[in-house]
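This report concerns only the one structure given below.
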Amino acid sequence: MLDEARPTPSPGTRRRLLAFTSLGHFINDGSTFLVPLLAAILAARSGVSAIAIAAVLALFYASAALGSPLVGAMADRFGPPARWIGPGLVLVGGGLALFFLAVAVATGPALLLVAGGAAVLSGFGSAFYHPLGAAVLQAGFPPEQRGTALGINGSFGSIGRAAYPALLFLLAAGLTEDGALGLYSGLAVAAGAVVAVGFARGIFPRPGGGAGGRPRIPARAAVTRGIVLLTAVGFVRSIATQALVAWVPTEIALARGTGISPSLGFALTGMFAAAIVGQPVFGLLADRVPRRALLAASTAGSGLSFLGYLAVSGPIAYLLLAGFGFCTFSAFPLLMSLAGDYVPGGPSSLANALVFGLGASGGGVVGPLLVGVALGSSYAGLDSVLAAMALLGLASAVLPLLLPKPPVRRAGRLPLFG
């Protein structure tokens with residue numbers, strides 16, 4: 001296979017790959033995971049209805065899901081993937097700038113119009129990082145080290161998710177919430193420029209080639225049976241998990257009575273911070289135990305921990321919420337490790353985009369919308385609806401076990417950085 005024939009990048013190149021993709025993951029996930037918190041702010045501060053909030057969330061996730069295959073195909077056609085990560089972050093920053101206008105300036109019908117535009121732009125921008133960052137790492141690391149590299153990289157995304165909500169409220173003490181959001185939008189644009197410059201000389205030698213500078217993998221070859229089934233598994237898993245992630249800020253603010261306060265920010269930080277450890281742990285395990293079984297275990301853990309969170313209150317509830325974050329945000333190293341296994345020609349941005357875009361992000365369109373439709377104009381039944389979504393997630397844990405067994409990769413191991 002081409003994976004085995006491809007020359008191993010130098011230790012310096014691998015470090016550079018991991019450093020710039022990790023910066024991109026930090027900014028991308030920190031920025032885009034603000035969107036559910038911004039939805040909670042719109043609900044609590046501007047009185048936006050549950051169905052309108054659901055529509056904004058659905059636009060965000062739909063833009064990410066539908067944009068991802070387009071981005072993946074573009075990167076495979078006009079690669080290398082590293083070239084496109086920076087522009088994606090700039091688009092995310094533009095989306096946050098529009099959210100700033102929705103929260104700070106717009107009123108009435110214009111508010112929903114601007115919020116919808118912000119959701120579409122930031123969602124499309126978020127479609128870039130995960131398939132392209134994964135393709136860069138899949139090309140830069142041998143198969144038996146991909147899980148570990150993806151897990152380390154994913155932990156930086158988790159740091160961004162954990163830091164951004166709490167920092168929003170800390171920065172608001174001096175800048176107001178609106179000013180902090182404006183600062184975040186500028187930070188995303190600046191980081192996009194840094195990542196673009198970091199990859200300017202090109203990790204991969206052939207501008208027209210696919211990942212790793214090798215000849216482009218035809219789209220038909222990237223869409224294997226394993227990729228199609230893995231996309232379906234990611235879709236069902238994400239219906240439940242993304243519904244819970246998207247609505248938990250509103251549940252904490254309204255059902256638990258914290259309102260829009262630092263308590264809400266720190267509760268979300270605890271949920272996201274657990275994945276800082278979780279992603280490297282799952283990534284390391286993915287190189288040592290069957291990845292399908294690991295994906296099933298993480299999915300079951302998500303459902304069980306969230307059901308526990310809903311059943312209790314106080315500090316124990318937030319510990320269980322952290323457990324939910326530990327299991328839920330394992331998708332990047334696990335799904336992307338399996339995606340690399342199921343493409344016989346080697347890494348493919350399109351295959352990654354199908355699994356993470358149509359799969360993980362596509363389920364994220366359906367799940368939050370289902371919650372909003374079930375609630376209608378009232379938030380009274382929010383906990384019951386979220387419990388139903390957690391049960392769906394628990395039931396879906398059996399699906400990864402039905403995936404085809406990945407092909408056996410070579411057993412030799414190299415040091416992660418030389």
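The values are calculated or read from the model by the stated rules, or taken from the named source; none is laboratory data. Quick caveat: nothing in here was measured; it's all calculated off a predicted structure. Note that we place each Cβ from the backbone using ideal geometry, even for glycine, and neighbour counts take in every protein chain shown.
Of the residues making up the range 137-154, those that are buried (at least 24 other Cβ atoms within 10 Å of the Cβ), assigned to a helix (DSSP H, G or I) and not aliphatic (A, V, I, L, M) are GLN138, GLY140, ARG146, GLY147, GLY151, ASN153, GLY154. Of the set (1) in a helix (DSSP H, G or I); (2) surrounded by fewer than 24 Cβ atoms within 10 Å (Cβ to Cβ), all apply to VAL48 but (1). Out of VAL281, VAL236, VAL277, which single residue is farther than 13 Å from PHE326 by Cβ and out of contact with any His (no Cβ under 8 Å at 6 or more places or on another chain)? Step by step, each of VAL281, VAL236, VAL277 is checked, and only VAL236 is farther than 13 Å from PHE326 by Cβ and out of contact with any His (no Cβ under 8 Å at 6 or more places or on another chain). Helices (runs of 4 or more DSSP H) fully within the range 348-416 that include at least 2 residues being at pLDDT 85 or above and touching a Phe, Trp or Tyr at 6+ places or on another chain (Cβ under 8 Å): 362-375, 382-395. Does VAL365 satisfy the condition of being among the β-branched types (Val, Ile, Thr), under 18 Å from LEU59 (Cα atoms) and under 16 Å from the mean Cα position of the chain (by Cα)? Against the criterion (among the β-branched types (Val, Ile, Thr), under 18 Å from LEU59 (Cα atoms) and under 16 Å from the mean Cα position of the chain (by Cα)), VAL365 qualifies. When ALA44, ALA50, ALA75, ALA64 are checked against the criterion of being modelled with pLDDT of 85 or more and of a type in the set (A, V, I, L, M, F, W, C), a single residue qualifies: ALA64.
Residues of the range 96-126 that are at pLDDT 90 or above and surrounded by 21 or more Cβ atoms within 10 Å (Cβ to Cβ): ALA118, ALA119, LEU121, SER122, GLY123, PHE124, GLY125, SER126. Looking for something in a helix (DSSP H, G or I), surrounded by fewer than 24 Cβ atoms within 10 Å (Cβ to Cβ), more than 17 Å from the chain's Cα centre (by Cα) and modelled with pLDDT under 75 - is there at least one such residue anywhere in the range 225-234? For the range 225-234, residues in a helix (DSSP H, G or I), surrounded by fewer than 24 Cβ atoms within 10 Å (Cβ to Cβ), more than 17 Å from the chain's Cα centre (by Cα) and modelled with pLDDT under 75: absent. Checking ALA134, ALA73 one by one, the residue that is in a helix (DSSP H, G or I) and surrounded by 20 or more Cβ atoms within 10 Å (Cβ to Cβ) is ALA134 and no other. Within the range 338-371, being crowded, with 23+ Cβ neighbours inside 10 Å, out of contact with any Leu (no Cβ under 6 Å at 6 or more places or on another chain) and under 20 Å from ALA253 (Cβ atoms) holds for GLY367, VAL371.
Candidates in the range 276-335 are the residues that are of a type in the set (S, T, N, Q) and under 16 Å from ALA387 (Cα atoms); of these, the one that is modelled with the lowest pLDDT is SER313.
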